[in-house]
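Let me begin by presenting the structure, written as C-alpha cells, before commenting on it.
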Amino acid sequence: MVTVFRNSLSCQANRVAAVVMLLLLSSACQAKLSSTFYEKSCPNALSTIRKPIRMAIARERRMAASLIRLHFHDCFVQGCDASILLDNSPSVPSEKLAPPNNHSVRGFEVIDQAKSAVEKVCPGVVSCADILAVAARDASVYVGGPSWTVKLGRRDSTTASPCLACSDLPRPNDSLKRLISRFRAKGLSARDMVALSGAHTIGQAQCFTFQERIYSNGSNIDAGFASKRRLRCPATPGDGKSNLAALDLVTPNSFDNNYFKNLLQKKGLLQSDQVLFSGGSTDDIVSEYSRNPCTFKSDFATAMIKMGNIKPPTGSAGIIRKICSQVNN
Ligand code: HEM
Ligand SMILES: *[C@@H]1O[C@H](CO)[C@@H](O)[C@H](O)[C@H]1NC(C)=O
Ligand SMILES: *[C@@H]1O[C@H](CO)[C@@H](O)[C@H](O)[C@H]1NC(C)=O
Ligand SMILES: *[C@@H]1O[C@H](CO)[C@@H](O)[C@H](O)[C@H]1NC(C)=O
C-alpha cells in the first residue's frame, strides 16, 4: 500500500516535471532549431536523406558542390526556408529564374529524390529546408570536408522572392567591402565569409562569371593562370560563355584548403575570391587557412551552422511542403 502510494506520488512528480520540460522545450523549439527535432516524429529521417544524396554524388562528384551552394542560395534569400526550390507559377514567381540562379544553381532533382524517400517513411513531417541543410552537410562529408551536427526544425515558405535573390546574393565582381557588408547583413562575420568562400574548393564556374577578370591584365591575377583560363573562355561573349572552369584548379573534386593556397598565388578564379587576399582586412585569415587546413575545416563547419540559422521559419510559421517545388494545395 505504502509502496503503491509512494510510486504514484513519484509518478505524479515525474509527470509534473515532464509537463514543465515539455513547456520549456516547446518554447525553445519555436525560438530555435534543434539537432533532435525529428527524433520522435521521424527517427530515420537523416539516414533516409543521406542515401540518395550519396548516390547522386557517387554518380557525379560535382553534385556535392551544387548541393552546398543550393543551401547557401536558399538561406541568403528570405532565410533558410526552401524558397529557392519553388517552381514558377502564377502565384509564386520563382527564384530559380533570378539572374544569380538561372542556368546556374543545380541539384533540384537530388533534393526531390531525398524528399520522396523521406515522405515514404514519414509523410508530411520533414521540411524541404531541413533536407537542404542535411544534404549540404552530407555532401561536405562525402568529398572530404568537415562534418557537423545539423540543427533541424526549419519549415518551408509559401513564397519566394526573385527580387531578394538579385539584391541579397553576392556577385562575382563584388568588392571586399561589399562582400563583408552582404554577409554582415545576414549575421555572418568577415571570418565566416572567408571560411564559407572556401566552399569554392570544389565545383565549377561558367566563363561569363570570371571573363572580365582573366582579360583584365590586372596585377591582381597570375599571368600564366589568366592565359590558361582564356583558352576555354573567349573574350567575346558568345558560345563559350557557359564553358566551365574549376573554382579550385589544383584539386577541384576534394574539399581541402588549396583554394586558399591558390589565392596566395593570385590564382583565384572569381574576382570575389581574389579580393579576399588583395592587401585588405581578410588577408590574414586567408593566410591562416592556407597554412592550417584544420582551422579552415572547423571554421567552415561553424559558419555553415550559423548560415543554416538565418531566419528559418519555425513553430507555426510556414508549412511542411509535400513536394519541394510546390506549395501544398
Ligand atoms: C562570397 C561570395 C560568393 C560569390 C560572389 C560566389 C559566386 C559564385 C559563382 C559566380 C559561382 C559559379 C556559378 C556559375 O558559374 O554558374 C559559384 C559557384 C559555387 N559556389 Fe559560390 N559564391 C560565393 C560564396 C559561396 C558560399 C558562401 C558558398 C557555400 C557555402 C558557395 C558555394 C559555391 C559552390 C560549391 C560552387 C560550385 C557549384 C557547382 O559546381 O555547381 N559560394 N559561386
Ligand atoms: C532565365 O533563362 C531563360 C532561358 O534561357 C530565359 O528565357 C529567361 O529570360 C531567364 N530569366 C531571367 C529572369 O533572366
Ligand atoms: C558587376 O557586373 C555587373 C553585371 O555585369 C555590372 O552591372 C556591375 O556594374 C559590376 N559591378 C562592379 C563593381 O564592377
Ligand atoms: C589585355 O591585353 C591584351 C593583349 O596584351 C589586349 O588585347 C587587351 O585589350 C587587354 N585588356 C584590357 C582590359 O586592357
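Considered as a group, the residues in the range 277-305 that are without any contact (Cβ under 8 Å) to a residue 12 or more places away in the chain and not in a loop (DSSP other than H, G, I, E, B) include one that is farthest from ligand 3 (Cβ to nearest atom), and that residue is C294. Across the range 139-168, the qualifying residues are those that are open to solvent by less than 10 Å² (accessible area, probe 1.4 Å) and assigned to a helix (DSSP H, G or I), and the one among them that is nearest to G198 (Cα to Cα) is S140. If you check N243 against the conditions, is it modelled with pLDDT under 95 and either buried (at least 20 other Cβ atoms within 10 Å of the Cβ) or of a type outside the set (A, V, I, L, M, F, W, C) (or both)? Here the answer is no, as N243 does not meet what is asked.
Can you pull out the residues in the range 119-138 that are open to solvent by 10 Å² or more (accessible area, probe 1.4 Å) and not in a helix (DSSP H, G or I)? Answer for the range 119-138, where residues must be open to solvent by 10 Å² or more (accessible area, probe 1.4 Å) and not in a helix (DSSP H, G or I): C122, P123, G124, V125.
A205 passes every criterion in (1) open to solvent by 20 Å² or more (accessible area, probe 1.4 Å); (2) near ligand 1 (Cβ under 9 Å from one of its atoms) apart from (1).
Being assigned to a helix (DSSP H, G or I) and over 16 Å from M55 (Cβ atoms) is the filter; apply it to the range 95-117 and report the residue that is nearest to ligand 2 (Cβ to nearest atom). Applying the filter and picking the extreme gives L97. Using the structure shown, decide if A65 is under 23 Å from F210 (Cβ atoms) and in contact with a strand residue (DSSP E or B) (Cβ under 8 Å, 6 or more places away or on another chain). Considered against the rule, which asks whether it is under 23 Å from F210 (Cβ atoms) and in contact with a strand residue (DSSP E or B) (Cβ under 8 Å, 6 or more places away or on another chain), A65 comes out as yes.
Meeting the requirement of 1 or more residues that are at pLDDT below 95 and loosely packed, with under 11 Cβ neighbours inside 10 Å, the helices (runs of 4 or more DSSP H) wholly within the range 1-77 are 2-31.
Just one of the listed residues (G145, G107) is over 16 Å from H73 (Cα atoms), within 11 Å of ligand 1 (Cβ to nearest atom) and of a type in the set (G, A, S), namely G145.
For every residue, the table says whether it meets (1) among the aromatic types (F, W, Y); (2) modelled with pLDDT of 95 or more; (3) open to solvent by 30 Å² or more (accessible area, probe 1.4 Å).
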{"position": "A226", "(1), (2), (3)": "no, yes, no"}
{"position": "Y259", "(1), (2), (3)": "yes, yes, no"}
{"position": "R291", "(1), (2), (3)": "no, yes, yes"}
{"position": "K311", "(1), (2), (3)": "no, yes, yes"}
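Every condition in (1) open to solvent by 30 Å² or more (accessible area, probe 1.4 Å); (2) part of a loop (DSSP other than H, G, I, E, B); (3) closer than 24 Å to C75 by Cα holds for R321 except the one numbered (1).
The values are calculated or read from the model by the stated rules, or taken from the named source; none is laboratory data. Owing to the predicted nature of the structure, the values given are computational and were not obtained by experimental measurement. Please note: Cβ atoms are built from the backbone with ideal geometry, for glycine as well, and neighbour counts cover all protein chains shown. Just the protein is used for accessible areas: all its heavy atoms, side chains included, with ligands, DNA and RNA removed. Shrake-Rupley method; radii C 1.70, N 1.55, O 1.52, S 1.80 Å.
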